[in-house]
Each structure stands twice: as structure tokens, then as C-alpha cells.
Amino acid sequence: MLKESEAIVVRTYPLREADLLVTLFTRTEGKVRGVARSAKKSKRRFGGALEPLTCVRVFYEDREGQELARLDSCEVLESPLATEVSYPRAVALGHVAELLDELLPDREANDAVFRLALSVLAGLRGAEIWASLTYFELWMTRLMGYLPELTDCIVCGRTLNGSRAFFHALADGLVCANDKRLASSEMSAESRALAAQMFRVPLETFAGQAWPKTKGADLRKFLVQTLQRHIEKKLVTAGMLEKGGF
């Protein structure tokens with residue numbers, strides 16, 4: 001039976017001469033992997049619909065005894081290629097795709113993450129990337145269940161409020177100055193307040209605000225370290241964002 005769902009194209013890989021192996025984040029069934037037969041040749045069935053981070057309406061079929069679905073066709077709903085893709089924006093979009101691919105389990109619907117991804121992709125249509133990336137990393141860490149409380153020291157339980165707070169790449173949560181480990185990094189009170197604000201308001205609230213790379217950089221470092229610790233691997237695009245001069 002042919003299934004239909006709104007979906008976000010996460011990854012594509014060449015498969016044989018004309019086929020593509022496609023990872024989709026569908027609204028109805030979560031992450032689905034499938035084969036798009038003759039996708040490199042068939043403009044009628046797929047066209048530009050399989051570009052990463054394209055929002056599509058996908059039609060696909062599961063076949064008994066086969067791990068991969070068969071993709072029948074896709075209709076483009078929203079494409080990141082509709083506006084100019086600069087290098088910083090391309091890396092930012094790649095980061096969103098990598099987090100979706102690495103953090104989400106197969107065949108497990110998650111409407112909260114799907115709505116978050118749509119909001120962030122909309123926020124990444126312009127030249128500004130850092131507000132959207134900070135918002136996405138923060139909420140993904142929380143929705144995956146990896147985010148500890150940011151208001152208390154995880155060692156002594158002291159309320160941090162406006163006092164200094166530190167984190168370490170090998171440990172969960174924030175600690176006070178008395179309990180910090182060697183080689184710890186500090187998270188500013190401003191970044192902690194920013195995280196609290198992002199939990200209360202939609203991403204659109206930050207549209208149009210000046211947001212240099214330095215704003216919330218310590219928060220993003222904490223979030224990336226937390227995510228990498230839980231998935232037990234480095235995020236390639238996180239390194240690209242860190243090293244990029246934009």
C-alpha cells in the first residue's frame with residue numbers, strides 16, 4: 001500500500017548507476033530510509049525534490065521483508081534552494097541535517113521535532129544563521145532528553161542564578177565555581193538567560209536581531225559537547241561551524 005506523508009529530506013547517497021538512497025524525516029513515521037529508483041534520470045517523479053533539507057510530500061511503499069522503503073514520488077513544498085545558498089548557510093543547513101540524522105531513531109514519529117525543524121529551516125532562509133542554530137541545538141538537546149537543569153549546580157545543588165557557572169566536556173550539567181573541574185569552560189549568565197528565554201518564546205521572536213557568532217557561543221559549545229557525549233561521536237558540521245570565519 002502506498003503511504004503519503006509530509007517529510008524533510010535529510011540525506012541522499014548514490015546507489016548503483018541511477019538510484020539514490022534517501023533518508024527522510026517523515027511527519028507520520030519519523031525517520032525512513034528508502035530507495036528512489038532512477039532518481040538521477042527521472043525529472044518527472046523527483047526533479048529537485050531530493051535536495052537535502054527540502055520539505056516535500058512523499059509517496060512511498062514498504063515491502064515485506066525489505067528494510068528499505070521504495071520511494072514512488074515527491075512533491076516540493078518548500079526548498080532551501082529558493083533563495084541563495086551562501087557557504088555559511090550551506091554549513092548551517094548541513095548541521096541541521098546531521099543532527100536530525102544522528103539523533104533521531106528510525107521509524108519513530110516525533111511531531112515536536114518535526115515542527116522545530118520546519119521553524120528552524122524557515123529561520124535559515126536569510127543570511128543570519130546563529131539564532132536559528134542556537135535555538136535548534138538547545139531544543140534538540142532538550143527534546144532528546146539530554147539537557148540537564150541549567151539553574152543549579154549538579155554537584156552541590158546550589159542555585160546558580162547570576163553567579164558563575166562552568167561545564168566540562170566529560171560531564172553533564174553546570175557546576176558552581178567551588179565544584180568546577182580542571183579544563184572547564186564557563187557559561188555566562190547572559191547565555192543562561194538566553195536559553196531560558198528560548199524555552200519561552202518561538203524562534204520568530206529573534207528575527208531581525210543582530211546576532212554575531214560570539215552571542216551564545218558558550219551555550220552552543222555546551223550543547224554540542226552534550227550531544228556528542230550522548231551519541232559518542234563528533235559532529236562533523238559542528239567543527240565546520242566552529243572553524244568557519246563567518
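Beta carbons closer than 7 Å, at least 6 apart along the sequence or on distinct chains, never pair a first residue in the range 226-246 that is on the phi > 0 side of the Ramachandran plot with a second that is of a type in the set (Val, Ile, Thr) and open to solvent by 70 Å² or more (accessible area, probe 1.4 Å).
Within the range 71-115, the residues that satisfy the criterion of being within 22 Å of Lys243 (Cβ to Cβ) and not in a helix (DSSP H, G or I) are Val85, Ser86. Would you confirm, using the coordinates I've provided, whether Val58 is part of a strand (DSSP E or B), among the aliphatic types (A, V, I, L, M) and farther than 22 Å from Leu235 by Cα? For Val58, the condition - part of a strand (DSSP E or B), among the aliphatic types (A, V, I, L, M) and farther than 22 Å from Leu235 by Cα - is met.
In the range 201-241, how many are in a loop (DSSP other than H, G, I, E, B) and over 15 Å from the mean Cα position of the chain (by Cα)? So the answer is 14.
Residue under question is Leu203, and the condition is that it be of a type outside the set (Asp, Glu), within 26 Å of Leu24 (Cβ to Cβ) and open to solvent by less than 20 Å² (accessible area, probe 1.4 Å); does it hold? It is true that Leu203 is of a type outside the set (Asp, Glu), within 26 Å of Leu24 (Cβ to Cβ) and open to solvent by less than 20 Å² (accessible area, probe 1.4 Å).
Out of Leu103, Leu116, which single residue is within 26 Å of Met144 (Cβ to Cβ) and either touching a strand residue (DSSP E or B) at 6+ places or on another chain (Cβ under 9 Å) or in contact (Cβ under 8 Å) with a residue 40 or more places away in the chain (or both)? Of Leu103, Leu116, the one residue that is within 26 Å of Met144 (Cβ to Cβ) and either touching a strand residue (DSSP E or B) at 6+ places or on another chain (Cβ under 9 Å) or in contact (Cβ under 8 Å) with a residue 40 or more places away in the chain (or both) is Leu103. If the condition is being in contact (Cβ under 8 Å) with a residue 12 or more places away in the chain, open to solvent by 50 Å² or more (accessible area, probe 1.4 Å) and under 26 Å from Leu100 (Cβ atoms), then the range 140-190 contributes Arg142, Leu143, Tyr146, Glu149, Leu170, Asp172. Quick check on the range 75-96: of everything there that is free of Cβ contacts under 8 Å to residues at least 60 places away in the same chain and over 21 Å from Thr134 (Cα atoms), which residue is most open to solvent (accessible area, probe 1.4 Å)? Out of the qualifying residues, it is Glu84.
The set of residues in the range 147-165 that are over 17 Å from Leu219 (Cβ atoms) and assigned to a strand (DSSP E or B) contains only Thr159. Within the range 26-53, residues that are modelled with pLDDT of 80 or more have Cβ atoms under 6 Å from residues that are among the acidic types (Asp, Glu) in these pairs: Arg27/Glu6; Gly30/Glu108; Lys31/Asp106; Val35/Asp19; Arg37/Asp19, counting only partners at least 6 apart in sequence or on another chain. Scanning the range 56-67 for any residue that is in contact (Cβ under 8 Å) with a residue 40 or more places away in the chain, open to solvent by 10 Å² or more (accessible area, probe 1.4 Å) and β-branched (Val, Ile, Thr) turns up nothing.
The values are calculated or read from the model by the stated rules, or taken from the named source; none is laboratory data. Predicted model, so just to flag it, every value in this text is computed and none were measured. Ideal geometry is used to build each Cβ from the backbone, glycine not excepted, and the neighbour counts take in all protein chains shown. Only protein heavy atoms, including side chains, enter the accessible area calculation; ligands, DNA and RNA are left aside. Shrake-Rupley method; radii C 1.70, N 1.55, O 1.52, S 1.80 Å.
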